[in-house]
Amino acid sequence: MYTLLLSDVNPLEVHEVMPLSLAGAEKLIGIEDDRDEDVVTKVICLSCGALHDKDPGASEATLCRRKPFAATQTPCQGVLYQMAHQKLQPASTCRYIRLQCYIAKLVGDPILREYLLASHNYTRDPSKGAVCVWDGACWPPSQPDLEGRKHLLLVFSLAMDGYGPFRGHFGRRASCAGLYLCCLNLPAQHRYMLENAHVFTVLPKEQSLVVTDVLNLLKKDFDEFSETFQCGDVFMTVKLLLVQSDTPARRKLTGMLGQRATLGCEQCTVASVPIPGSNARCFPGVGEPRTHRQTLVDSRRLEEMKDTVTITHFTKVRAKYGVRPSPLQHVIDNIIHGVPVEPVHCLFLGATRAEFRLAAERWTPAERAEFAVSLLEQDKTTPHADRIGAMFLLRPSKKTGSSWSSEMKAVDFKSLLFNYIPACWPNQDKHFENLMRLRCIAKLVYTVPLRAADINSMEPVVERHQKGFIDLYGEEKVTINIHMLRHIAQGLRDFGTGMAISGWWVERINGLLKQFPNSGRGTVHNETLRRHRKYVALSRFKELSEGWSDQTVSQ
């Protein structure tokens, strides 16, 4: 049985001399990247993106030997090492922080430790409705005591999202993708705090092969804690419960095919229809629900034939099954129910944006001006009204082709749907009525407490909205986000409330990580990960120190 000692976390002592910068904090607290056992460095192939262990005896002739299809392909032969500053160095590296570091941080902090034990004693009351993820049907039951000691099940959620650190200054030259873990045993007010989440790794780009290799590392860490381990006077077990990401990242993680595939929905087997004159596809109707068992069977078949068939044949079979092998399929108990529809991207950035744009295109110039003026005349205390009205009047950029909707964030569409469409819409026509159905769905998603009757009442509203959308705009406008509204109710039943499956906290972490790199030179993703570790250590240092200024942490 694995034993995790509290001494694995170095306690932060209060020093007389406070660090005045991140560099001073690094020396004082002792954060060391390559020499830290919790930080593992991998070498990235510049051609295929595969991860390799560091080789002490490497040379410039050391090349990548990865063969995705062993029977038909030659090795990648990508560059792994090159000379820089008269020294042989890896061409590109990727660092990740082991899961052991996050668990030790949780159980080593006295306050967080009490919160973890409190989740063990939580009693679900269905009559009062769901108020957090602990009330969901997928939340595992409390474990019995062993030998007079508590048995605590640590439950985590996984998220991945991409971002551009220098967008607005250098375009999208440096693109990164982060994998984040969050402990669901913590109360909601502490669970999504930036210093309590875990940045597992920051990748230089979202290549499928890189993500697969990183997920293998994550699976290895979860397998290490799959059996009961001891920490002090508490027995613990670790489990990954759900994935909170937008649609493209969710499919990369779970092995589902993209939205341009024939079976592009990860929840059901609806067959998408190609749109004439476009490479996009629409998703009218709904298919049979997918099952976890059948997904694993199809994935296992593809994994077995990968080394014996050609790429063309493998692609055809993969399109038939609608799935590809992924290490995460063997970590989550149910790869279908454990990957709910994420409301922030599906409901606001997806459905609200698409339907509002389609309705606004049918306005006359007078109606368009009336709506924009009504937005600008809103009370100054209302959020985002003047900014949305100003962006709505912008013409598409001749240089980039971006329109007003591409500059709006999820919180802008949320304010638009909840506040400004009911107050500023020029006339209450059929387009307005269908948007009000979408608003009703969004209100029910974020209702707290959420009762079973509320979820049951949502499904007829979704059906009326889908029918009204097709009648107004046609089946070819039913994008994947419009279709995924049919599956939101199942996610609420499994995980209690809309906030439990939302990705607001992921966007907050992205906003924080964007601020860390101060130049476009070097490995931006590794610099981001290093500075984030310092930020978390400074946050804990600030809690233990008196007279610590917020300005120091911002530095």
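The values are calculated or read from the model by the stated rules, or taken from the named source; none is laboratory data. Not measured: the values here are computed from a predicted model. Because the Cβ atoms are built from the backbone with ideal geometry, glycine has one as well, and the counts that use them run over all protein chains shown. Surface areas here come from the heavy atoms of the whole protein model, side chains and all, with no ligands, DNA or RNA. Shrake-Rupley method; radii C 1.70, N 1.55, O 1.52, S 1.80 Å.
Miscellaneous remarks
- Convex hull projection area averaged over all views, region 295-364, Cα basis, nm²: 7.3
- Cross-link pairs LYS105/LYS443; LYS409/LYS477; LYS105/LYS128 - those with Cα-Cα distance over 26 Å: LYS105/LYS443; LYS105/LYS128
- Taken along its three principal axes, the alpha carbon spread of region 249-356 comes to 48, 36, 23 Å, from the longest extent down to the shortest.
- Measuring against 24 Å, Cα to Cα, the residue pairs LYS320/LYS467; LYS54/LYS220; LYS239/LYS514; LYS87/LYS219; LYS239/LYS316; LYS239/LYS534 contain LYS320/LYS467; LYS239/LYS514; LYS87/LYS219; LYS239/LYS316; LYS239/LYS534 as the ones spanning a longer distance.
- What the pair-distance distribution of region 293-336 shows, using all Cα-Cα distances binned every 10 Å from zero, is 29, 53, 17, 1 percent.
- Packing here is the average count of other Cβ atoms within 10 Å per residue, and on that basis the peptides 523-535, 45-57, 257-269, highest first, run 523-535, 257-269, 45-57.
- Heavy-atom accessible area for TRP504, with the other protein chains in place and a 1.4 Å probe, reaches approximately 60 Å².
- Cα extents of region 439-500 along the three principal axes, largest first (Å): 36, 18, 15
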